[in-house]
Structure formats: structure tokens, C-alpha cells
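A.B. asks: I have a structure here, written as C-alpha cells, and I will follow up with some questions on it.
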Amino acid sequence: MKKLIFALFVFAATALQAQTNLQVHYDFGKDRSYLTSTLEMFKPDKWGNTFFFVDMDFNYGSDNHPALAYMEIARCLKFWNGPFSAHVEYNGGLLTDNGAGFPINNAYLVGVDWGWNNADFSKTLNLKVLYKNIQGKQNSAQLTGVWGINFLKGKMSFTGFADLWWEKNTYTFDGVTHPVFISEPQLWYNISQNLSVGSEVELGYNFAPVEGFKVCPTLGAKWNF
């Protein structure tokens with residue numbers, strides 16, 4: 001669900017132009033077997049960059065209506081030289097279950113972003129140290145890593161992110177703060193400049209209603225506008 005997507009990799013691929021893509025994944029995870037769509041945009045400018053994505057799960061009822069809508073929007077701000085920038089971010093959404101809607105707690109994040117790339121931007125690494133306020137719940141810290149590797153003359157891309165934070169009541173409602181980890185590595189074969197096919201593996205630990213580890217592989221297609 002979480003897809004803080006590969007900002008530096010996209011930055012290199014688009015040479016300081018806005019990049020928007022639409023992904024459709026079929027989820028093979030246990031008790032899942034449904035489609036998820038992701039709409040993403042990344043746009044750099046002279047003051048930093050803006051990134052957002054919107055996820056929707058199509059698994060409600062026999063007609064597979066959207067049952068989840070979730071978004072993140074982030075801004076990196078930098079008007080100085082060097083690898084560090086300021087980072088602000090918002091997360092939130094809505095989940096439908098058995099005909100009832102439940103909000104996903106608003107989360108507000110602020111912190112520091114550090115970026116690295118090799119000479120041709122075929123390899124990138126992005127690390128973030130963030131303060132996280134989960135509205136109506138608690139304050140926490142979050143560590144985020146984002147990577148991008150472009151190889152085989154641009155025909156293959158290995159991208160992904162990993163998040164680690166601490167949260168109460170994520171699955172047991174026991175009032176204890178637990179570590180929560182999610183990661184979504186993606187491997188894409190780039191058929192053309194616009195079309196890619198590949199796979200994502202959603203890794204989670206103590207995430208949402210699941211205690212312990214859960215692994216959900218997908219098959220997907222991506223269209224770059």
C-alpha cells in the first residue's frame with residue numbers, strides 16, 4: 001500500500017521533467033487475489049521536487065468495486081547545494097469493509113532527506129529520517145530508504161522502498177508500541193519508453209491487521225505518460 005516511489009531514479013530518467021505513470025498489479029497474496037491500481041507523479045523543480053501517488057484496491061463485493069483509496073504526497077525542499085533537503089509529507093485514506101467505511105489515520109511527516117547517485121544516474125539511493133505524527137494516535141519516528149537501479153542498457157529496472165516506524169495497536173490493540181516494517185521491491189522489463197511489465201513483492205511486518213511477516217507477490221504492468 002505504501003509506495004514512496006523511486007524519486008531519484010525517475011529524476012534521472014526524465015531529465016528534470018515531470019513524470020507520471022499508471023500501474024496495475026494483480027495481487028497473489030494469501031486471501032487477496034485482486035487488482036490494485038497506482039497513479040504516481042514525480043516533478044522536480046529549482047526548489048526541490050514533489051511526489052504523490054494514489055492507490056486503489058478493487059476487491060469489494062462480487063463486482064470488485066474499489067474498497068480502499070489511499071494517497072501520499074511529499075515535498076522535498078532545497079535551495080542550497082549539497083545532498084540534503086527538507087522533507088514534508090502527508091498520508092491518508094479510506095477503507096471499506098462489509099459495507100462500512102473506516103478512515104486510515106492521517107499521518108504527517110517532516111524530516112531530512114539525503115540523496116546519492118552515480119555519474120549517469122543509473123544507480124540512485126535516497127535515505128530519509130522523519131518525525132511522524134499519526135493523527136489521533138501517537139508520534140513516532142520513521143526511517144525510509146528508496147533505491148533505483150537501471151541496467152541492461154535501460155531494458156531492466158530494479159526499484160523499491162523500505163519504511164520502518166513504531167506504532168501502537170497495529171494488530172493486537174494491546175496498547176504496546178510495535179515496530180512496523182514494509183518494503184515493496186519492483187523489477188520491471190521496459191518494453192518501450194512508455195510500457196513496462198514486471199513484478200512487485202509486498203513485504204510487511206506487523207503492518208495493518210497482520211501480526212508478524214506477510215509476503216504478497218504481484219504481476220503488473222506500467223504505463224509512463
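The values are calculated or read from the model by the stated rules, or taken from the named source; none is laboratory data. Since we're looking at a predicted model, the values are computed, not measured. A quick note on method: Cβ atoms are made from the backbone with ideal geometry, for glycine too, and the neighbour counts reach across all protein chains shown.
A.B. asks: Can you tell me how many residues within the stretch 76-94 are surrounded by 16 or more Cβ atoms within 10 Å (Cβ to Cβ) and in a strand (DSSP E or B)?
C.D. replies: 7
A.B. asks: Residue check: is A100 surrounded by fewer than 16 Cβ atoms within 10 Å (Cβ to Cβ), closer than 30 Å to Y26 by Cα and not charged (D, E, K, R)?
C.D. replies: It is true that A100 is surrounded by fewer than 16 Cβ atoms within 10 Å (Cβ to Cβ), closer than 30 Å to Y26 by Cα and not charged (D, E, K, R).
A.B. asks: Then there is this: Just a yes or no: is a residue in the stretch 168-180 free of Cβ contacts under 8 Å to residues at least 24 places away in the same chain and among the hydrophobic types (A, V, I, L, M, F, W, C)?
C.D. replies: The answer is yes; a qualifying residue exists.
A.B. asks: Considering only the stretch 199-219, I want to know if a residue exists there that is surrounded by 15 or more Cβ atoms within 10 Å (Cβ to Cβ) and of a type in the set (D, E).
C.D. replies: Checking the stretch 199-219: at least one residue is surrounded by 15 or more Cβ atoms within 10 Å (Cβ to Cβ) and of a type in the set (D, E).
A.B. asks: With respect to G220, is the statement that it is in contact (Cβ under 8 Å) with a residue 24 or more places away in the chain, of a type in the set (G, A, S) and in contact with a Gly (Cβ under 8 Å, 6 or more places away or on another chain) true?
C.D. replies: For G220, the condition - in contact (Cβ under 8 Å) with a residue 24 or more places away in the chain, of a type in the set (G, A, S) and in contact with a Gly (Cβ under 8 Å, 6 or more places away or on another chain) - is met.
A.B. asks: Can you work out which of the residues in the stretch 130-143 that are over 17 Å from A208 (Cβ atoms) and either free of Cβ contacts under 8 Å to residues at least 12 places away in the same chain or touching a Leu at 6+ places or on another chain (Cβ under 6 Å) (or both) is surrounded by the most Cβ atoms within 10 Å (Cβ to Cβ)?
C.D. replies: Result: L130.
A.B. asks: Right, next: Restricting to the stretch 152-182, and then to whatever is over 16 Å from the mean Cα position of the chain (by Cα), surrounded by 15 or more Cβ atoms within 10 Å (Cβ to Cβ) and among the charged types (D, E, K, R), can you tell me which residue is modelled with the lowest pLDDT?
C.D. replies: Taking the candidates together, the pick is K168.
A.B. asks: Taking Y34 as meeting all but one of (1) over 20 Å from W165 (Cα atoms); (2) in contact (Cβ under 8 Å) with a residue 40 or more places away in the chain; (3) not acidic (D, E), write down the number of the exception.
C.D. replies: For Y34, the exception is condition (2).
A.B. asks: Can you find, within the stretch 35-57, the residue that is farthest from P209 (Cα to Cα) among those that are crowded, with 17+ Cβ neighbours inside 10 Å and aromatic (F, W, Y)?
C.D. replies: F42
A.B. asks: Let me ask something else about it. Which one is surrounded by the most Cβ atoms within 10 Å (Cβ to Cβ), of the residues in the stretch 185-197 that are in a strand (DSSP E or B) and touching a Ser or Thr at 6+ places or on another chain (Cβ under 8 Å)?
C.D. replies: Step by step, filter the stretch 185-197, then rank; the result is Q186.
A.B. asks: Residue check, W80 against (1) farther than 27 Å from F213 by Cα; (2) in contact with a Gly (Cβ under 7 Å, 6 or more places away or on another chain); (3) not small (G, A, S), all met but one. Which one?
C.D. replies: (2)
A.B. asks: If you don't mind, another one. Being of a type in the set (K, R) and in a strand (DSSP E or B) narrows it down to one of K214, K153, so name that one.
C.D. replies: Testing whether each residue is of a type in the set (K, R) and in a strand (DSSP E or B) leaves just K214.
A.B. asks: Somewhere in the stretch 112-131, is a residue assigned to a strand (DSSP E or B), of a type outside the set (S, T, Y) and in contact with a Cys (Cβ under 8 Å, 6 or more places away or on another chain)?
C.D. replies: Among the residues of the stretch 112-131, at least one is assigned to a strand (DSSP E or B), of a type outside the set (S, T, Y) and in contact with a Cys (Cβ under 8 Å, 6 or more places away or on another chain), which makes the answer yes.
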